[in-house]
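Student: Before I ask anything, here is the structure I am working with.
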Amino acid sequence: MLASSPRGVLPSKQNALTDRTADLEQARTDLKTAGSRAERAVPNSDDYRQAIRHHTGMTHKIRPGVPEDVEATEYVRVTTWKTAYRGIMPDDYLDALKVEPDAVAGMEKGLAGALAEGRTPLLAGETGGRIAGFINFGRCRDEQIGGGEVFAIYVLPEAQASGLGYALLTAAVKRLRADGHEEIGLWVAAGNAQARRFYERFGFVPSGRVQCHSAPLPPVEEVHYRLSPSTNSATPRMTTSG
């Protein structure tokens, strides 16, 4: 993380838009190049996860997410929820989770709209050519808190402890800081000890805010963490990789 984000050296809005358009065009080119490969099959089987496990330890690729990635990132989210929230959410709720085509279509449309506005709210993390994790981020949804926010970060169990989570979070924080967000926050389930340790090693600290999910999700208490402008990404506090 940057020690600070001086507004005077931030790129102009037009330059930032040009740079991100180039990023997205490269991401789409990569997808077209790999379009006929088995790695681009919809990740809906144990074979996909086995391949991730086989490639764990390889260099990760972090790139801007495009609408074509949404089905894969939703698979990552659903799969991760089934393990990360076991014991926090009811088993029957977690067991019934699946990738919903209507939800995927809605998220694809939302992502396409954000990209058209020059925003890059999604980064995909690939391992061995397959999406194994992602991070969703942007301007904080709560005006009283302000700054930037990490909305979600999920990594398949097979790719955890490989450094992919840390790489995704580092990339998102750098983009948020480049967009002028000096302080960055996130919410995490109070009972998710593994995730809380991960964020704390990165440099996030509890802000003291607490909230509780309401319907349609099962009630889950969440705590808020913040990353101050003084936290420097060049000297991370991580002792183990996420």
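The values are calculated or read from the model by the stated rules, or taken from the named source; none is laboratory data. The structure displayed is predicted, hence computed values, not measured ones. Glycine gets a Cβ as well: all are built from the backbone with ideal geometry, and neighbour counts include every protein chain shown.
Student: Which members of the stretch 137-148 meet the condition of being under 13 Å from the mean Cα position of the chain (by Cα) and surrounded by fewer than 23 Cβ atoms within 10 Å (Cβ to Cβ)?
Tutor: As a first pass, look at the stretch 137-148 and keep what is under 13 Å from the mean Cα position of the chain (by Cα): 137-138.
The one that is under 13 Å from the mean Cα position of the chain (by Cα) and surrounded by fewer than 23 Cβ atoms within 10 Å (Cβ to Cβ): G138.
Student: Within the stretch 116-129, take every residue that is crowded, with 23+ Cβ neighbours inside 10 Å and farther than 26 Å from V205 by Cα and give me the one that is modelled with the lowest pLDDT.
Tutor: T127
Student: Moving to a separate point now. Run T83 past the list (1) surrounded by fewer than 20 Cβ atoms within 10 Å (Cβ to Cβ); (2) more than 21 Å from Q194 (Cβ to Cβ) and report the number of the one that doesn't hold.
Tutor: Result: T83 passes all but (2).
Student: Another question, if that's okay. Run down I184, I153 and say which single residue is touching a Leu at 6+ places or on another chain (Cβ under 9 Å) and within 11 Å of G125 (Cβ to Cβ).
Tutor: Working: I184 fails: within 11 Å of G125 (Cβ to Cβ).
After applying the criteria, what remains is I153.
Student: Would you say R209 is surrounded by fewer than 17 Cβ atoms within 10 Å (Cβ to Cβ) and at pLDDT 95 or above?
Tutor: Values: surrounded by fewer than 17 Cβ atoms within 10 Å (Cβ to Cβ): yes; at pLDDT 95 or above: yes.
So R209 passes the test.
Student: Which of the residues that make up the stretch 92-136 are basic (K, R) and within 17 Å of the chain's Cα centre (by Cα)?
Tutor: From the stretch 92-136, those basic (K, R) are 98, 109, 119, 130; that's our starting set.
Those that are basic (K, R) and within 17 Å of the chain's Cα centre (by Cα): R119, R130.
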